[in-house]
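Chemist: What follows is a single structure, and I will ask about it in a moment.
Nothing in this text is a laboratory measurement; each read-out follows from the coordinates by a stated rule. Here the structure is a predicted model, which is why all the values come from computation and not from measurement. When we count neighbours, we look across all protein chains shown, and the Cβ atoms used for this are built from the backbone with ideal geometry, even at glycine.
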Amino acid sequence: MNTTTVGAHLDTSKYAISPYCQKPNTSSVSASTHKFYCLSNRHTPLPLISRKMETKNCSKNRIACLASSNHGEGLTYKEAGVDIDAGSELVRRIAKMAPGIGGFGGLFPLGDSYLVAGTDGVGTKLKLAFETGIHDTIGIDLVAMSVNDIITSGAKPLFFLDYYATSHLDVDLAEKVIKGIVDGCQQSDCALLGGETAEMPDFYANGEYDLSGFAVGIVKKESVINGKNISVGDVLIGLPSSGVHSNGFSLVRRVLAKSGLSLKDKIPGESVTLGEALMAPTVIYVKQVLNIISKGGIKGIAHITGGGFTDNIPRVFPEGLGARIYNNSWPVPLVFKWIQKAGNIEDGEMKRTFNMGIGMVLVASKEAAERILSEGEIAYCIGEVINGDGVSYQ
């Protein structure tokens with residue numbers, strides 16, 4: 001698995017990975033967390049490509065999800081500044097103008113294949129990059145958020161483009177960021193085709209910048225993964241995350257402020273600092289997932305970002321099917337346990353805001369699931385497909 005971390009590692013050596021998928025016992029499971037605009041640019045001339053906007057059932061990009069009401073003094077995503085109602089209203093209006101959009105990636109027919117496109121940023125994780133001074137891995141996050149979306153259709157990423165904007169161009173700083181983008185593209189086995197550097201005086205705070213990225217991949221029409229063949233009894237296989245990845249940081253930063261700790265303080269019970277754990281870059285699943293897909297039996301894939309399990313897994317299911325998640329079936333990184341305790345956050349809010357240690361969920365036949373779990377992949381049997389709707393936990 002192509003994982004890059006900053007001082008934070010997932011220790012799986014003490015967890016036996018069973019080749020059989022069954023509901024685990026209720027014992028506790030834990031683990032370690034872990035261009036100048038107008039004057040010059042880095043664009044390669046390209047033919048015009050139609051723009052694709054993702055609307056993600058209360059997911060990242062345009063909106064980020066919060067859990068249902070949280071009582072008492074516990075923090076919520078809404079209190080951290082993410083307004084689900086405004087996001088839902090925007091999605092409703094967009095759907096009127098561009099019916100049919102949605103999904104993790106946008107599919108465009110091209111002969112016997114589909115081009116699959118995705119776009120994203122890294123959210124307010126950038127604020128932590130400014131505070132920690134860790135800039136050489138934020139580009140990995142940027143690439144990951146787009147390529148991880150398009151592989152859910154079974155597409156192989158072809159190329160990536162970035163957009164880097166700042167008030168005053170610090171060449172050394174920009175080089176660090178773009179180096180991370182190059183690293184992310186290498187992990188994804190895709191080309192960094194071009195990009196745009198925009199210097200916009202007075203638009204951003206001193207020393208700060210913004211990022212966005214765009215990825216395009218390709219998949220044969222007969223090989224596209226769309227969830228249509230998912231049925232009751234199929235198995236949910238979870239691939240571990242490196243930590244918080246690149247969503248939920250508005251809530252993370254609110255928790256950090258409430259806790260009284262700094263990014264230089266160590267997570268209680270851990271050997272890494274909060275800054276190191278929170279800045280661990282998003283895992284790029286491209287090579288691992290495409291390898292698994294090539295062996296057959298994968299019916300659907302969900303990238304676990306904004307909306308967590310609650311909103312992302314059902315998006316790949318046919319109508320009338322839901323997911324049963326097995327509690328305690330994978331190691332939850334301690335960084336999430338710290339976030340929940342320090343912010344007094346309810347379980348439902350955590351599961352609908354964060355990935356909780358699982359960054360990608362594969363819906364597989366029983367035979368494929370047993371093969372995946374027996375081949376030495378770092379993967380967990382986390383649940384099953386059932387009749388019903390939504391996601392339940394037991």
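Chemist: How much length would be gained if the chain were fully extended between E367 and S259, taking 0.36 nm per residue of separation minus their Cα-Cα distance, in nm to one decimal?
Modeler: 34.3 nm
Chemist: 7 Å from Cα along Cα→Cβ at both N206 and H168: what's the point-to-point distance in nm?
Modeler: Going by the 7 Å Cα→Cβ label model, 0.7 nm.
Chemist: Please go through the residue pairs K96/K221; K220/K299; K176/K258; K176/K264 and name each one whose alpha carbons sit more than 24 Å apart in this structure.
Modeler: Where the Cα-Cα span goes over 24 Å, the pairs concerned are K96/K221; K176/K258.
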